[in-house]
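First the structure, in the form of structure tokens, and then the observations on it.
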Amino acid sequence: MTKIALVGIGKIAVDQHVPAITASPEWELAATVSRHGTVPGTPAFTDIDSMLAERPDISVVSLALPPVPRFAYAEAALRAGRHVMLEKPPGATLAEIHALQAIAAEMGVSLYATWHSRMARAVAPAKAWLAGQTITRANITWREDVRKWHPGQDWVFEPGGMGVFDPGINALSILTEILPALVHVTAATLTYPANRQTPIAAALVFSGNVSADFDWRQEGPQTWDIEVETHKGHLALRMGGNVLEIDHKPVTGEPSIMGEYPALYARMADLVRTRASDVDLAPMIHVADAMTLGRRMVTDAFEF
Ligand code: NAP
């Protein structure tokens, strides 16, 4: 078993990382680093430097804290010769991820920029079905309730928190995985609450007749759909990439996201074994481009 430290014990660490690590025969959760959070039965540190100094036996560090503070933690872990796994989005900016890639290469350790939605059950079959086809239209609808998924997390509305692109980038991670040809953002409308720094909704237009509708104000049933039309037929990915329909008939998958994080940790084990890195910034480039091109709209103030 490889010893791993989990950093940032908050919502996603508790919901997904801890269950995935503890269920895996490949990993031992050997320490946590968090200013307030702990995992029962696991040695807890409140700062990364102490953990790195006191636990040379821990070779891998998984960072589950928000994107803005993550860079300093990643740099410290890489410079201490540890392999590093980054939650999505991999950082607050593209340039800081390039810097981490350079440090990982210099130190000879693995860096994994994870995209959990790419591990959804139906993504690989969707990619296989679309391979070699010409896309005539593609449409993302990603509408969820920010109060349910980010309760009280003001950082999502602070600079670098990405707003609705925090979930929207999951859809873009699937789109960039399954489409057989590159697309690029040509226009965007970004809707900001009057009292916030990041958008609560976004409408994106891409080349190739591709569009995306992201909204964080949907209560009740949540929508995480991608529909693609080709000359061969109609493909729909539902439930965040976990269910595949072809020509409006279910083909494969199940409506649960619980397979995604076990698959990320299995991939990290492979990367560490082979001393390889996996850093694909394509989803984040689309977000940066949408922010660059976006037309700003203002809506009602938002409070949790
Ligand atoms: P969160 O609960 O707000 O934050 C995780 C933990 O990070 C916090 O409990 C906090 O622990 C630590 N932290 C927060 N701000 C910090 C700071 N400025 N400096 C140092 N530590 C800080 O967030 P989350 O929902 O788990 O999201 C974390 C990451 O996971 C994000 O990148 C998000 O996109 C991704 N993610 C979230 C979800 C979801 O459903 N929420 C799903 C998939 C992926 P301490 O106070 O104990 O230090």
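Quick notes
- Note on the stretch 6-38: residues that are among the aliphatic types (A, V, I, L, M) and closer than 20 Å to residue 68 by Cβ amount to 6.
- Cβ-Cβ distances below 6 Å connect the following pairs, each with a first residue in the stretch 136-163 that is within 16 Å of residue 217 (Cβ to Cβ), a second residue that is surrounded by 17 or more Cβ atoms within 10 Å (Cβ to Cβ) and charged (D, E, K, R), and a separation of six or more residues or different chains: 141/213; 141/225; 143/215; 156/166; 157/196.
- The strands (runs of 3 or more DSSP E) found entirely in the stretch 103-217 that carry 2 or more residues being farther than 27 Å from residue 61 by Cα and more than 20 Å from the chain's Cα centre (by Cα) are 135-143, 185-193, 201-206.
- Look at the stretch 166-184: where a residue is within 16 Å of the ligand (Cβ to nearest atom) and of a type in the set (Asp, Glu) and a partner is assigned to a helix (DSSP H, G or I) and open to solvent by 10 Å² or more (accessible area, probe 1.4 Å), sitting 6+ places away or on another chain with Cβ atoms under 9 Å, you get 166/149.
- Look at the stretch 48-73: where a residue is open to solvent by less than 50 Å² (accessible area, probe 1.4 Å) and a partner is of a type in the set (Val, Ile, Thr) and within 7 Å of the ligand (Cβ to nearest atom), sitting 6+ places away or on another chain with Cβ atoms under 6 Å, you get 64/12.
The values are calculated or read from the model by the stated rules, or taken from the named source; none is laboratory data. Bear in mind the structure is a predicted one, so any value in this text is a computation, not a measurement. Cβ coordinates were reconstructed from backbone atoms using ideal geometry, including for glycine residues, and neighbour counts include every protein chain displayed. All accessible areas refer to the heavy atoms of the entire protein, side chains included, with ligands and DNA or RNA removed. Shrake-Rupley method; radii C 1.70, N 1.55, O 1.52, S 1.80 Å.
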